[in-house]
Amino acid sequence: MPESDTSQTYDKRYADRTSPSTFAAQKNLSVKDLRDKAGETGPKTFEVIRRMSDEAKVKEQPLQTAGAILSIVNIYTPEVLEKACDKALKQHHMPYYKTIYSHARSINSAKELTEFKESNQKFGIVRGADYYKKGEKCRKKSSLHCSFPRYKL
């Protein structure tokens with residue numbers, strides 16, 4: 001009896017992880033709806049979804065992957081997804097979700113790095129007052145552990 005109870009709790013606990021909960025399954029979308037959504041995102045994203053649906057042997061086969069690709073927009077911007085699809089289409093005839101997602105992640109991190117550099121060029125990186133204290137001990141240790149007295153009485 002206790003073994004069956006643990007298997008039932010195991011099934012309940014991990015049922016959500018194994019059930020398909022992608023963009024297409026949640027919204028109950030068809031292939032045409034996914035193509036329309038991809039067309040709103042951009043031409044390269046539309047081309048990826050079109051190739052997936054055209055080359056599928058069963059009409060509903062690419063729904064889960066296409067929905068997952070379109071859900072990248074929820075993580076990053078549509079522009080990042082469009083650039084990632086463009087980059088993936090240059091490398092592969094029909095790219096996988098993993099390829100598009102990794103391109104989107106690298107494009108987004110490069111975008112954030114350039115924004116960080118641009119903002120630092122305008123204002124510069126300013127160090128705190130602890131850095132400019134006199135004495136070699138304060139620069140080697142953090143300001144919390146600095147034993148060098150600031151003022152001598």
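The values are calculated or read from the model by the stated rules, or taken from the named source; none is laboratory data. Everything quoted here is computed from the prediction, not taken from an experiment. Keep in mind that these areas ignore ligands, DNA and RNA; they rest on the heavy atoms of the full protein, side chains included. Shrake-Rupley method; radii C 1.70, N 1.55, O 1.52, S 1.80 Å.
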- T65 accessible area, 1.4 Å probe, all protein chains in place, Å² to nearest 10: 50 Å²
- Message: Beyond a 25 Å Cα-Cα separation, which of these cross-linked pairs lie in this structure: K90/K117; K37/K90; K57/K98; K44/K117; K59/K111?
- Response: K90/K117; K44/K117; K59/K111
